[in-house]
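See below for the structure under consideration.
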Amino acid sequence: MEFSDTNAEALKRRGYVLKNDESNTVLGSAEIAKHAFDAGCSAGGAKMNFCSSRFKDAIQLRLRLLRTAQQFARPFDEITEDGTIIFGRVKVPDAFLNEVIAFLQENELPEEAYSVDSEKNTIETASGIVEELAVIFDEDGIDFENVQLWIIEQYPFVGGFVVGSERIF
């Protein structure tokens, strides 16, 4: 058993309490499940499953993230098996944003392969493209002052929680 928004008041009225402050698990629910499992097995082998609140939350979150990512991922976002998305981010000073966009267009990167946020001075695209840009910038000595190239992993929502980031240039 676990507390949820829909059953919390009813569980409290019946005297149930949380196991701890870190989960929604009802105190003693694992022991009750074990007792029910033992009784069911001794009474003829009834099939039963027990999923802890923590395990269920993890599985449900992963599946929810995967569904969300599949619905809302941009063409260049890579969806991980955990439902996060990976993409590349180019962060530039305001003065260089149009220069970098022009560079991408000159190199025939189609408009659907990147997204520009002129308020944040960022261009987001596939992580592989950002990795290629790092090589090109380094080999050709292209010096867009203070340009930063990042690989980002985040939850698949606008402004989603960033799980990881790595600056590559």
- Task: Determine ³J(HN,Hα), in whole Hz, for all residues of the range 85-93 in sequence, where each value follows from phi through the Karplus function 6.51 cos²θ - 1.76 cosθ + 1.60 and θ = phi - 60°; x replaces Gly and Pro.
- Result: 10, 10, 8, x, 10, 10, 10, 9, x
- Message: Cross-link candidates for Lys120: which lysines have Cα within less than 23 Å, leaving aside residues fewer than 8 places away along the same chain?
- Response: Lys91
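Per DSSP H run of n ≥ 4, the term is -39500 (n - 2.57); total these for the chain, divide by its residue number, and report the mean residue ellipticity at 222 nm rounded to 500 deg cm²/dmol. Before the final figure, lay out each step's value.
Numbers: 5 runs with 63 residues, N = 169.
It lands at -11500 deg cm²/dmol.
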- Item | Eligible lysines near Lys34 by straight Cα distance, threshold 28 Å, same-chain separation 8 or greater | Lys12, Lys19, Lys47, Lys56
- Task: Run the numbers on the range 74-167 and let me know its relative contact order in percent, using alpha-carbon pairs under 8 Å that are six or more apart.
- Result: 36
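Relative contact order (percent) for the chain, with alpha-carbon contacts under 8 angstrom and 6 or more residues of separation?
18
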- Query: Expressed as an acute angle from 0 to 90° and rounded to the nearest 10, what is the orientation of the C-alpha long axis of helix 97-106 relative to the principal long axis of the chain?
  - Reply: 80
- By how many degrees, 0 to 90 and rounded to 10, does the Cα axis of helix 53-72 deviate from the longest principal axis of the chain? 40
- Task: Compute the separation of the alpha-carbon centres of the range 122-163 and the range 50-91 and state it in Å as a whole number.
- Result: 20
- 5 Å-binned pair-distance histogram of the range 1-132 (Cα, whole percent): 2, 9, 12, 12, 10, 9, 8, 7, 7, 7, 7, 5, 4, 2, 1, 0
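Every read-out reported here was derived from the displayed coordinates using simple, explicitly stated rules and does not represent laboratory data. Everything quoted here is computed from the prediction, not taken from an experiment.
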